[in-house]
Amino acid sequence: MKNAAKIFGILAILITGAFVSGCKSAPPLTQADAQAMIQAKYDQMPPQPFTIVLNDLGMRQGISDKYWEGVKKYPNGYWGDFKLTDLGKKQLKLSDGSDVIKWRPDGPNDLRYAYSMSTVALNHLKARDLGDVQDVGSTKVVSYYEDVVLTGVPDALSMIAHNPGNELSTHRQATFVLDNGAWKLQSIE
């Protein structure tokens, strides 16, 4: 009986060892690997313009920097039409396809009014400041910041893009799945 118990114990150990050695554990997913996959995804996407939201300060900066000039002032004193200068046309596109900004706030002190336009320069997004890689079920998840890149945008226009109302950075989360023994980017939210 003692021998049978020993044989059974040895068999159990051998079977468990064979089972464990046959199961491969998932490779680690490092922050650097996750960032490389996210950035590769961004780099594969077509480059995009950045939408600049103008508030009153941005409107005044654009006049000072000679991106547009006033062409019509309305009787109420706070509406106006502003035509893109040649410099402005080289750097910006208006959403309506024209070259005239129709500035129409609700009142002289309307701080909520904003006007949107896009840069001519096209760029890819950039991933930065990845958090720790977390296990969520059979997936791995990492939080990070997605930044707009303003390469090719003149400094003066970049300053306008940094005014309130513009979103230059967005908090995102990427999910990775194991595919044929390697981690693969599944989604970005």
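Residue-wise test of (1) within 30 Å of the chain's Cα centre (by Cα); (2) assigned to a loop (DSSP other than H, G, I, E, B).
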{"position": "Gly70", "(1), (2)": "no, no"}
{"position": "Phe82", "(1), (2)": "no, no"}
{"position": "Lys89", "(1), (2)": "yes, no"}
{"position": "Asp96", "(1), (2)": "yes, yes"}
{"position": "Gly107", "(1), (2)": "no, yes"}
{"position": "Leu111", "(1), (2)": "yes, yes"}
Quickly run through the range 125-136 and pick out the residues that are exposed (fewer than 14 other Cβ atoms within 10 Å of the Cβ) and of a type in the set (Val, Ile, Thr).
Val136
Any residue at all in the range 122-142 that is within 30 Å of Asn76 (Cβ to Cβ) and of a type outside the set (A, V, I, L, M, F, W, C)?
no
Leu122 - would you say it is out of contact with any Asp or Glu (no Cβ under 9 Å at 6 or more places or on another chain) and either more than 14 Å from Val53 (Cα to Cα) or surrounded by 14 or more Cβ atoms within 10 Å (Cβ to Cβ) (or both)?
yes
Looking at the range 137-174, which of the residues that are over 30 Å from Met59 (Cα atoms), in contact (Cβ under 8 Å) with a residue 12 or more places away in the chain and small (Gly, Ala, Ser) is surrounded by the most Cβ atoms within 10 Å (Cβ to Cβ)?
Ala174
Could you grab the pairs with beta carbons closer than 8 Å, sequence gap of 6+ or different chains, first residue in the range 23-46 and in contact (Cβ under 8 Å) with a residue 24 or more places away in the chain and within 14 Å of Leu185 (Cβ to Cβ), second one of a type in the set (D, E, K, R) and part of a loop (DSSP other than H, G, I, E, B)?
Gln31/Asp132
Select from the range 29-68 the residues that are of a type in the set (A, V, I, L, M) and not in a loop (DSSP other than H, G, I, E, B) and list them in ascending order.
Ala32, Ala34, Ala36, Met37, Ile38, Ala40, Ile52, Val53, Leu54, Leu57, Met59, Ile63
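Just so you know, all these numbers are worked out from the coordinates, no wet-lab data involved. Everything quoted here is computed from the prediction, not taken from an experiment. Note: ideal-geometry Cβ built from the backbone for every residue, glycine included; neighbour counts use all protein chains shown.
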